[in-house]
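The values are calculated or read from the model by the stated rules, or taken from the named source; none is laboratory data. Keep in mind the model is a prediction, meaning the values are calculated, not measured. Cβ placement follows ideal geometry from the backbone for every residue including glycine, while neighbour counts extend to all protein chains displayed. Heavy atoms of the whole protein, side chains included, go into the accessibility calculation; ligands, DNA and RNA do not. Shrake-Rupley method; radii C 1.70, N 1.55, O 1.52, S 1.80 Å.
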Amino acid sequence: MGAVAGLLAGLVAVTVGAAVSAASHRPTPVDAVGGVVIDHVPISIREFAIRTFGHGDKTALRLGILVILSLVAAAIGVGARRHRWVAVVGVSAFTLLGILCAVSRPGSSLSAAWGPVFGGLAAVAVLLGLLHRPAPAERPEAELAGGVRSWPTTSRAAAGYERRRFLGGSIAAVGVAATATALARGFEHDTTAAAEATVPARLPTPVGSRVVTPSGASLDAATPYVTPTSAFYRIDTALDYPRVRADTWKLRIHGMVEHPVELTYAELLARPQVERAVTLTCVSNEVGGNLIGNAVWEGVLLRDLLNEARPTKGAQQVATTSVDGFTAGFPLDVGLDPHRDSLLAFGMNGRALPLPHGFPARLVVPGLYGYVSATKWITDIELTTWDGFDGYWIGEGWSKLGPIKTESRIDVPSGDVKAGRVPVAGVAWAQHRGVAKVEVQVDDGPWHVARLGDVVSRDTWRQWVWVWEATPGDHVLTVRATDATGQTQTSAYADPAPNGATGWHQRQLRVT
Ligand SMILES: Nc1nc2c(c(=O)[nH]1)N[C@H]1C(S)=C(S)[C@@H](COP(=O)(O)O)O[C@H]1N2
Ligand SMILES: [Mo]
C-alpha cells in the first residue's frame with residue numbers, strides 16, 4: 001500500500017508539475033532535471049548514452065529519470081506509511097531538487113519554481129490522503145447495513161473500508177494525473193502555436209540572384225543535392241527544442257565593439273538579404289554517417305553585422321549564445337572573412353527556418369562544424385578574446401577549432417547487386433575548400449576517378465558517380481576524396497572526438 005501510494009504521488013507530482021510548467025512556457029520539471037543532467041554529466045557518459053541509445057538517447061534519459069523517481073517515490077510511500085513526516089520530508093527534498101534544476105535552466109526566472117512546487121504539494125496531498133487511517137470515532141458513514149448507518153467496527157470491516165477508500169483515492173489520483181497530462185499537452189500545443197503564429201509565410205526577396213541548383217548537381221537519386229528540410233539531420237543538446245516567438249525575439253551584438261547592435265526580427269528581415277547553398281556537417285558524424293545535409297539558406301551576411309558593430313582591437317572570437325543555453329565560438333577572422341559568406345540565417349530552402357532548426361534565426365558558417373558555429377535560436381553575439389570564452393562542447397574533449405575535414409561517402413549500391421554495369425555513387429565534402437577529385441577502388445585494385453556533379457559553390461558537398469563492371473563474388477568498395485587544395489583525405493581511422501572522424505568509407509557487398 002505504501003509503495004503504491006508513493007508511486008501514485010510521484011505520478012501526480014510529475015504530471016501536475018508538467019501542467020503548471022507548461023502553462024508558463026517552461027520545460028517540465030522532469031525535462032529541467034534532464035537538462036541539468038545533460039549539461040553536467042561527464043562527456044564519456046554522454047557519449048556512452050548516444051552510442052548505446054542512438055537517437056533515442058533523450059527518451060532513454062527521460063525514462064531513466066522516471067525509473068529513479070519511481071523507486072524513490074515508492075520508498076517514500078513505504079516510509080510514510082509508518083511515519084507521516086517521511087512524506088513531507090521526502091517530497092520536500094524532491095521538490096527542492098526540482099526547483100533548483102528548473103530555476104537554473106537558461107532563460108529561467110523564479111516563476112519556473114511553480115511547476116515543482118505545485119507538483120510537490122500535490123504529491124504530499126496524495127500521500128497523506130491515501131495513507132490516512134481514520135480513527136474509528138471519526139469514520140464517516142461508510143457502511144449501510146440493513147438500512148441503518150453503522151460504523152465498520154470489526155477489524156475486517158475496517159480493513160474492507162480502508163481498501164475501498166484506498167482504491168477510490170487511487171482512482172482519483174490517476175484521474176488528476178490524466179487531467180494534468182491533458183492540460184500539459186494543451187499548454188505545450190499553445191506555446192508551439194504561439195511561436196508558429198509569428199513565422200512569416202513569405203520571406204523577403206534576396207539581393208542578387210537566387211541560388212540555382214545546376215542540373216548536373218544530382219547524379220544519384222538516392223541523395224538529393226539539396227536536402228529536403230524534412231530529411232535534414234538535427235542535433236540539439238536541449239531535451240526539447242525551444243519554441244521562440246519572432247515578435248519578442250532579439251539579437252544583441254556586443255562585447256569588444258565600439259557600437260553595440262540590437263536587432264529585432266522585423267529589423268533583420270528589413271536588411272539586405274542573400275541566399276547561399278551551404279552544407280552543414282556535425283563533428284559527431286562517423287565515417288559513412290548521415291549527420292550532414294545541404295540546404296539553401298537565406299539571411300544577412302554576418303560580416304556586415306559585425307562590421308557595423310565595429311570590433312575593437314584585440315577582439316578575436318565570435319561568442320554566440322542560444323535561448324536554450326547552447327553556446328559556440330569561432331575566430332573573428334572567420335566571421336569577418338570577405339571570401340566566406342557566414343550567414344545570420346532566417347530562411348531554409350525557401351521558407352522561414354522551421355522551429356526545430358533555429359527559428360527565428362541561426363548562424364551558418366561555411367567550412368566549420370556545427371558545434372563551434374551553427375548556433376540555433378541565437379540571441380547573443382559577444383566579441384571577446386580567444387581565451388575569454390569557451391563554447392558548450394569545448395573543454396568536454398572537443399577541439400576549440402572545428403574546420404570540417406575532407407570526407408566522402410558511398411550511398412549506392414547499398415546492398416548486393418547483379419553482375420554487370422553498376423553505378424557506384426555518393427557524396428564527398430570539403431566545405432569552403434571544395435572537392436576536386438573522388439576516386440573509387442574495388443578490393444585492392446587500382447583507383448578509378450569518378451565523375452563529379454556540378455556544385456553551386458565550394459561550400460557544398462559534391463556528388464560523384466563511377467560505373468563499375470561488377471563481376472560475381474564478394475567485393476569491397478572504397479572511396480576517397482581530394483580537396484581543391486590538393487589534399488587527399490587520410491585513410492587513418494579517427495573517432496569523431498575531438499575534431500571529426502577520418503578514414504575511407506567502404507562497402508562490402510556480394511555480386512551475383
Ligand atoms: N541552440 C543550439 N544550436 C545548435 C546545437 C544545439 O544543440 N543547440 N547543435 C549544433 C550542432 S552540434 C550542429 S551539428 C548543428 C545542427 O544543426 P541542425 O540541427 O539544424 O541540423 O547545430 C548546432 N547548433
Ligand atoms: Mo554537431
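What fraction of the Cα pairs in segment 31-75, stated in percent, has a spacing above 11 angstrom?
Beyond 11 Å sits 67 percent of the P(r) for segment 31-75.
Rounded, prolate or oblate: which one fits the chain, using the alpha carbon gyration tensor with axes a ≥ b ≥ c (rounded when a/c is under 1.5, else prolate when a/b beats b/c, else oblate)?
Because a/c hits 1.5 or more and a/b exceeds b/c, the chain counts as prolate.
Run through segment 261-350 and list the GluC sites (Glu not before Pro) located in a DSSP loop whose Cβ has at most 14 other Cβ atoms within 10 Å.
When the GluC sites (Glu not before Pro) of segment 261-350 are filtered for loop state and at most 14 Cβ neighbours within 10 Å, Glu286 remain.
Select from segment 412-501 those chymotrypsin sites (Phe, Trp or Tyr not before Pro) which occupy a DSSP coil region and have at most 14 other Cβ atoms within 10 Å, ordered by residue number.
Tyr493
Find the centroid of the Cα atoms in segment 358-435 and in segment 35-114, then give the distance between the two in whole Å.
33
Using a 7 Å offset from Cα along Cα-Cβ at Ala231, what residues in segment 45-70 end up with backbone N under 20 Å from the label point?
Counting backbone N atoms under 20 Å from the label point, the list is 55.
Run the Debye formula on the Cα coordinates of segment 229-396, all scatterers equal and no solvent, and tell me log10 I(q)/I(0) at q = 0.10, 0.13, 0.15 1/Å.
-0.33, -0.57, -0.77
With charges set only on the Cβ (+1 for Lys and Arg, -1 for Asp and Glu), what does the dipole of the chain come to about its Cα centre, in debye to the nearest 20?
1480
May I ask you to derive the FRET efficiency for Asp443 and Thr59 from their Cβ-Cβ distance with R0 = 30 Å, giving the value to the nearest 0.05?
Efficiency, rounded to the nearest 0.05: 0.15.
Compute the longest continuous run of the chain that contains no exposed trypsin sites (Lys or Arg not before Pro); treat a site as exposed when its DSSP state is not H, G, I, E or B and it has at most 12 other Cβ atoms within 10 Å.
For trypsin sites (Lys or Arg not before Pro) (loop position, at most 12 other Cβ atoms within 10 Å), the longest site-free span of the chain is 1-201.
State the percentage of accessible surface on the chain attributable to carbon and sulfur atoms; use a 1.4 Å probe and exclude ligands, DNA and RNA.
59
Roughly what percent of Cα-Cα pairs across segment 165-210 reach past 17 Å?
Result: 62 percent of Cα pairs exceed 17 Å.
At a threshold of 8 angstrom on Cα-Cα distance, excluding pairs fewer than six apart, so keeping six or more, what relative contact order does the chain reach in percent?
13
Can you grab the distance from the C-alpha centre of segment 291-338 to the C-alpha centre of segment 160-226, Å, no decimals?
Taking the Cα centre of segment 160-226 as reference, the centre of segment 291-338 is 29 Å away.
Could you please tell me the mean projected area of the C-alpha convex hull for segment 2-195, averaged over all directions and given in square nanometres to one decimal?
If you wrap the Cα atoms of segment 2-195 in a convex hull and average its projections, you get 14.0 nm².
Write down the radius of gyration of segment 407-511 and its Dmax, each obtained from C-alpha positions, in Å.
Taking only Cα atoms of segment 407-511, I get Rg and Dmax of 13.8, 42 Å.
Count charges around Gly486 for me, please; just the other residues with Cβ under 13 Å from its Cβ, Lys/Arg as +1, Asp/Glu as -1.
Result for the local shell: +1.
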